[in-house]
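What follows is calculated from the coordinates using simple rules that are stated; it is not laboratory data. Treat the numbers as computed from the prediction; the structure is a model and nothing was measured. Reconstructed Cβ throughout: ideal geometry from the backbone, glycine too, with neighbour counts over all protein chains shown.
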Amino acid sequence: MAKHLLLIDGNSIVFRAFFAMHSQIDKFTNQDGLHTAAIYGFKLMLDHVLDSFHPDAALVAFDAGKVTFRTKMYGDYKGGRNKTPEELTEQLPYVRELVQKSGLHSYELPNYEADDIIGTLAKQADDAGYETLIVTGDRDLTQLASDHTTVAVTHKGVTETEHYTPAHVEEKLGITPTQIIDMKALMGDSSDNYPGVTKVGEKTAIKLVKQFGSVEGLYDHINELKKSKMKEHLVDEEDIARQCKTLATILRDAPVKIGLQDLSYQGPQTEELIEFYREMDFKSFLKKMNINPDDDEEHLSTIKYVQLSKDNLDQLKQLTGEVSFYLEMPEANYHLSPFAGFVIGDGQHWFVSRETELLNQQPLKHILESTEIKKNVFNAKAQIVGLHRLGVDFRNVDFDLLLASYLLNTNDNSNDLGNVAREHGFNDVQTDEAVYGKGAKRTIPDDDQVFFDHLVHKAHAIDHLRVSLFKQLDENEQRPLYTDIELPLTRVLAEMEMTGVHVDAQTLKNMGSKLKERMAEIEAQIYEEAGEKFNINSTKQLGHILFEKLKLPVIKKTKTGYSTAVDVLEKLAPQAEIVEQILQYRQISKLQSTYITGLLKVIHSSDQKIHTRYLQTLTQTGRLSSVDPNLQNIPVRLPEGRQIRRAFVPSHEGWQIFSSDYSQVELRVLAHITGDKNLQTDFKNGEDIHAATARRIFHLQPDQKIDPNMRRRAKAVNFGIVYGISDYGLAQRIHVSRKDAHEFIQNYFKEFPNVKKYIHDTVDFAREHGYVETITHRRRYLPDINAKNFSRRSFAERTAMNTPIQGSAADIIKIAMIRMQDELQKHHLQAKMLLQIHDELVFEAPAEEIPVLQKLVPSVMDSAVKLDVPLKVESKFGDTWYDLKK
DNA sequence: ATACTCACG
DNA sequence: ACGTACGTGAGTATG
């Protein structure tokens, strides 16, 4: 068998590792304050590579210094680069140490780059019949790919790589690996700072290389090119092109003083590595080696506690001030989870028990229900629901660690108390995973000591973090958001979840059997057309049938094969009958699996209701989400799917479903926060906003009729503005040319100049402060806003403009929900709020209350906040969620 | 576990 | 020239 050689581009991997983890740079420091993210990332990459590639020989090549033969030849080579940050340079010696202790050789050569060392040794290896793997963060090295040399380029982090073989290069660029040199010579390289030929980019470069084979071939036949600007540039800049080719060429014969025989890989020096990991604080690697990372480190603190039973409950009478409380429910779904135990205490005295029946006994029940005694918790909604199931009405939550942490930073959030505490610099508590295990092995420990100790540390963490998180909320001007919106909302959501929505199982079952018949018919037709049976749900098998057997044109690819998504199939539908049938099959199978069997599974047998959970601390924008099941995506757009809503019925005879929704709330928010006079005028005049937009951007006369197609386009532009527009995206959506789409957008900005200004200002604000805000000071941090990578940065820019809009709309409905719940109580209504679907509230109520709701609900919703434009609310009601009528 | 597809606002 | 709209959750296939 051929020998295997591993060549690693040391500097480029270190750079990649450093910047991949840059957002968490301060988390990766060891006890001496040394930054370790790059070392850590390098080690991750190393493990990952050695897992699948078992080298007989291995080398990590480093750059020897700034000066190389290339800089001597071309002074600006790699010029203009930012200075390497100190946090990175300090890590380089340790990376070398890691390399050596991991059993790999390292090498550098004055005057040459790591690339040249790799190119030279890869050539020697090819000649000697080795199989070689090159690992790098630098795409330039793909020019080294050959039949026996694969180049793995790191993708996102450092462990995800894209493997370049000559075939892969051919597929991606349509040229051979060595022609990459010619391509780069013509197009230049901005990061290495050499220019290439003026106005020649990747597309043109590839075209020329394909046509002439190489830079030399091009200039031999330059006369064959038609007269053009491009030709002039090529002729004028021949010298530049030839020089760039030299710069772009990785040497295959650098004067390296080592050979393949010097590179044998013997595996890691385990003892020394362990010592090194300890020094670096790499606990996860030590754990992988089954070594306790804490052996010579501090343990968690010892906290004293008292175990409660029915005989010593009286001791709790000493708790009269503020308490921290934690009821442990091992399963995520707190509507159903068993109870494992609880802890309560005031920071001085802690009490624990597995006997959750005690919670319903005095004086414990009194403390939990008291509106005098403040409670500190982690995830108040779960605690309210859990305690409700135990017969306790949990009141007066003051501090919710999870909720406060989410408001401070939506990015680094976790549902685990241990993780959240760590985010805030408090390490004296373990994660549930560390104590209970994960996956199938997850279990509450039998050992009282272990279990109670964990509970007490959790309560202690809550108690400890209270002051500092409140302080941070104050500093961010987020205290009212927490106190007046999110915390009261928690109780409203808990009540909605506990109320649940009544779903008629028989209706679903009847629909299910009809769908099943229809599905069998379509399935038979599909097999007929295809000439064989196959799994229609398998995109792989379906791709094979459509694109290989039936030879339909490939419109779009995914990273693993052919795309068979709706937009693709719709384009193919005219060409083959089978495609339409597949679309139908998909539609029905989605309804069947997600909405018929899916919903049937989650109807509680006790009350015939579905009790979803709203996640209040998940989305990046401040919206809610809904799980187990998701009741925010019940079909409505297509008539077939809409039928599902027939199963959503009131829970009492003679009651009705009532629903109110905000009309165009996001665009109204846009009109408000941009202060754009034209947009505000259109809303104040009560215009059909998409029609009004069409009138403006297509310059129609006041008396001119708006054809539906114009309105449709204007609507798409409005959506685009809210989402962070691009001409390409808009063009795709409304099937016009990119040029036309561009013009629509330009017209829009001319007509609504303050919208344009807002977009600019918001992105600017984000660049300067690193976050954006909604009208209630809800924050979203955008670490990528200054990213070097174009697409990451663009994405951050789009979210910068979208988040204040989507997030403010979320703020508004949250305020409305809190007031709504109050009003229902104040008016002694039996009506219950059941669902929130982003801009819509769904209720059930006795028929006689419907007229009351018709006035009350819209008035509460449209006055939730005062904007510079009116908020418009529309209501409907009916016997089921399907039958809603105005 | 990850990718793909598709349901909603 | 880059790579496309923003925010979610769930079911199925497959490595």
Using the Cα centre of the stretch A:504-602 as the reference point, and only Cβ charges (+1 on K/R, -1 on D/E), how large is the resulting charge dipole? Debye, rounded to the nearest 20. 460
Toy charge model, Lys and Arg Cβ at +1, Asp and Glu Cβ at -1: chain A dipole around Cα centroid in debye, rounded to 20, equals 3180
Dipole of chain A, positive direction: furthest Cα of A:Val763, A:Phe470, A:Asn30, with charges on the beta-carbon: A:Val763
Evaluate the stretch A:504-602: find the radius of gyration of its Cα atoms, find its Kirkwood radius, and give the ratio Rg to Rh. 1.03
Could you sort A:57-65, A:497-505, A:732-740, A:213-221 so that the peptide with the highest average Cβ count within 10 Å comes first and the rest follow in order? A:57-65, A:497-505, A:213-221, A:732-740
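If we sort A:395-404, A:371-380 on the protection proxy, mean other Cβ atoms within 10 Å, highest first, what's the order? Mind showing how you got there, number by number?
Values: A:395-404: 21.4, A:371-380: 19.7.
The packing order, highest mean first, is A:395-404, A:371-380.
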List every residue whose amide H lies under 5 Å from the amide H of A:Ala254, counting only residues 5 or more places away in sequence or on a different chain, with H placed 1.01 Å from N in the peptide plane. A:Thr120
The stretch A:385-434-the stretch A:189-232 distance, computed between alpha-carbon centres (Å): 60
If you only keep lysine pairs separated by 8 or more in sequence, or across chains, how many in the stretch A:299-475 come under 15 Å at the Cα atoms? 7
Please report the antiparallel percentage of DSSP beta bridges with both residues in chain A, rounded to the nearest 5. 65
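Need one number: the % of Cα-Cα pairs in the stretch A:735-884 sitting beyond the 28 Å mark. Numbers along the way, then the final one.
Working: 4688 of 11175 pairs.
I get 42 percent for the Cα pairs in the stretch A:735-884 exceeding 28 Å.
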Just the number, please: Stokes-Einstein D of the stretch A:299-475 in µm²/s, Kirkwood Rh from C-alpha pairs, 25 °C, 0.890 mPa s. 150
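Quote the charge dipole size of the stretch A:765-886 about the Cα centre in Debye, to the nearest 20; the model charges only the Cβ of Lys and Arg (+1) and of Asp and Glu (-1).
Approximately 600 debye in magnitude.
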Pairs of lysines in the stretch A:504-602 (C-alpha under 13 Å apart; 8 or more residues apart or interchain): 7
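Step through the table entries A:Lys123/A:Lys227; A:Lys210/A:Lys739; A:Lys739/A:Lys885; A:Lys609/A:Lys855, compare each Cα-Cα distance with 32 Å, and write down the pairs that go over it.
Result: A:Lys123/A:Lys227; A:Lys739/A:Lys885 exceed 32 Å.
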Can you pull the three principal axis extents for the Cα set of chain A, in Å, largest first? 90, 80, 60
Amide H of A:Ser353: which non-local residues (sequence gap of 5 or more, or other chain) have their own amide H closer than 5 Å, using H built in the peptide plane? A:Leu308, A:Phe342
Take each uninterrupted DSSP H stretch in chain A, measure its Cα extent along the helix axis, and return the ones at 30 Å or beyond whose mean Kyte-Doolittle hydropathy is at least 0.0. none
State the Cα centre-to-centre distance between the stretch A:259-283 and the stretch A:811-848 in whole Å. 63
With 19 Å as the cut-off, how large is the P(r) tail for the stretch A:365-418, expressed as percent of Cα-Cα pairs? 32
Among A:Asn396, A:Ala340, A:Leu50 - extreme Cα towards positive end, dipole of chain A, charges at beta-carbon: A:Asn396
Mind ordering A:485-492, A:628-635 by average Cβ neighbours within 10 Å, highest first? A:485-492, A:628-635
